[in-house]
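Here's the structure we're looking at; comments come further down.
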Amino acid sequence: MKHTTKFLALLLALGLLLTACADQSNQPGQPDDQSAPAADSADHTDSTDSSAGDGGEAGEEPGLRSFSAATLDGGSFSPEDIAAKDVTVINFWALSCAPCIAEMPDLAAFAAALPENVGVATVCLDGYGDQETALEVLEGTDLVSSTVISGNGDLASLCSALIYTPTTVLVDGEGTLMEVIVGGQADLSGTYLAAVNKVLAASGKAEISLAE
């Protein structure tokens, strides 16, 4: 898990900019050793960082390359889903995090307006064992099919490195971690679109715009 060390240090630094909510909820045990502990909740703060894509130890970059995960609708999420997109936006949230839940409609609207080459997934850190509540939060959105409630490998390592929710990461088609956004965003679509286009530009791909 060497590739998580730099990411953890990054989140520790960003965490100093945030005011944490008092509550912290731990995710219950999951089958197949797919534990992914929940993080603290953070108040709405516009905080982004682009250094996550820098090289890690021995040329190893942090990312999501080896894992399996189960989604809220009984499906799966894997590196193959990430490879199918030029950029994937992954939002880590919790049922115990009020700012996370408050921004879900904005996140769903953002996801619905994206072109085919950009994907959105969410990871509900305390959703396993409380799927009914998670479904209520996401009712009427397409995020149900792309919301992870359990996972292992690189995904579990990344979850363990999280300090605050919501935290959103952007990965390229190879699963390399390129951008980190910590805290709720007053202009979610604008902030996320700028981050997506930054990743696309770094990969030599055309920028996108959101559908009206």
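What's the whole-number percent of alpha carbon pairs in the stretch 72-111 lying beyond 11 angstrom?
Working: 576 of 780 pairs.
The calculated P(r) of the stretch 72-111 puts 74 percent of pairs beyond 11 Å.
Given charges of +1 on the Cβ of Lys and Arg and -1 on the Cβ of Asp and Glu, with all other atoms neutral, how large is the dipole of the stretch 113-189 about its Cα centre, in debye to the nearest 20? Provide the component values of the computation, followed by the final result.
Values: 0 positive and 12 negative charges, 36 e Å.
The dipole of the stretch 113-189 has a size of about 180 debye.
Take every Cα-Cα pair in the stretch 113-171 and report what % of them are more than 16 Å apart.
Details: 856 of 1711 pairs.
Pairs farther apart than 16 Å: 50 percent.
Test of understanding: express the Cα radius of gyration of the stretch 71-212 as a ratio to 2.2 N^0.38 Å, with N the residue count.
On the way: Rg = 14.0 Å, N = 142, 2.2 N^0.38 = 14.5 Å.
Taking N as the residue count of the stretch 71-212, the ratio is 0.97.
Any read-out appearing in this document is the output of simple, stated calculations on the displayed coordinates, not a laboratory observation. Just so we're clear, the structure is a prediction, and the values are computed from it rather than from any experiment. In this analysis, Cβ positions are derived from the backbone assuming ideal geometry, glycine residues included, and neighbour counts consider all displayed protein chains.
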